[in-house]
Amino acid sequence: MDMEAIRALAHKHLADRRAHKEREVGFIYYHGQRVAKIAVQLRKLLIPDDDSRDQELTVAGYFHDIAKGIEPHSVYGAVLIREILADYCAPEQLEFIAELIRHHQFRDPSKGYHDYIKIIQDADTLDHVGVVEIWMNFQYYAYTDSTLQDSVKFYETRFPALAEKMRRQLNFEISKQIFDEKYNFVKAFVQRMKVEANGGIYNLDSLRSDAHD
């Protein structure tokens, strides 16, 4: 596969689109680029001696949300990708990519998904926590003309349950470890956010203590 040509194709189809009205134009393009990279990193951790599917994982990451906004977007995405990439991939590669896209949205253990589907699923979930999640939160609350305090309230009241749901969806123990590290960062950030949103000075006691040393 000509990966540069396919990446350019992803940019053509996704970079000018708005997946949700509360998110910036091009979010699904950059999200896809990140998911592709996360997927390959997970593969290296989980299947370290076999890079034979890295190109398909990467391309599926690029295009997994190609049908975002037409639900179920994974089902329609698998149909669209067969048309978009018809001249860019061998038939067997294209079917594998379509399969990864087809199953990335729904987590049903009874389906017996193979590891590459699970990797794409986990990569998609992992990009929705950490720095990117904070960015999405700020985008949403700015778009809806809400306050900083509204954002803090979301993290205190709704986000813990959402995070728990996302973590339950993960397939691999290493994915859960990565998720936990990202989530701990968010929680630490929100602790400081809450203090400063109310005019406080974070870690003031330790600053006072340092001043007297």
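Extension gain for Thr144-Val131 works out to 2.7 nm (0.36 nm per residue, less the C-alpha to C-alpha distance).
Cross-link partners for Lys37 among the lysines, with Cα-Cα distance under 22 Å and sequence neighbours closer than 8 places in the same chain left out: Lys12, Lys68, Lys118, Lys176, Lys182. Taking Cα atoms only, the orientation of helix 91-102 departs from the longest principal axis of the chain by about 30 degrees. Placing R0 at 25 angstrom, the Cβ-Cβ distance between Asn203 and Lys153 gives a FRET efficiency of 0.65 after rounding to 0.05. Bridging of Lys153 to lysines at a Cα separation below 17 Å is possible for Lys187, Lys194, once same-chain residues fewer than 8 apart are set aside. Across segment 3-107, Cα pairs under 8 Å and at least six residues apart give a relative contact order of 22 percent. Using the Cβ-Cβ distance between His11 and Glu164 with R0 set to 35 Å, the FRET efficiency from 1/(1 + (r/R0)^6) comes to roughly 0.50. Dipole size of segment 131-205 about its Cα centre, with +1 on Lys/Arg Cβ and -1 on Asp/Glu Cβ: approximately 220 debye, rounded to the nearest 20. Only Lys, Arg, Asp and Glu carry charge here, each on its Cβ (+1 for the first two, -1 for the last two); on that basis the chain has a dipole of about 580 debye about its Cα centre.
By the scheme Lys and Arg +1, Asp and Glu -1, what is the net charge of all other residues having a beta-carbon under 13 Å from that of Gln139? Working shown, then result.
Details: positive: Arg18, Lys21, Arg23; negative: Glu22, Glu24, Glu133, Asp145.
My count for the surroundings of Gln139 gives -1.
Our coupling estimate for segment 114-127, obtained by passing each phi through the Karplus curve with A = 6.51, B = -1.76, C = 1.60 and θ = phi - 60°, is 6, 4, 5, 5, 4, 5, 4, 4, 5, 4, 4, 5, 5, 6 Hz, Gly and Pro reported as x.
Throughout, read-outs are computed from the coordinates displayed, never taken from laboratory work. Not measured: the values here are computed from a predicted model. Glycine also receives a Cβ, built like all others from the backbone with ideal geometry; neighbour counts cover every protein chain displayed.
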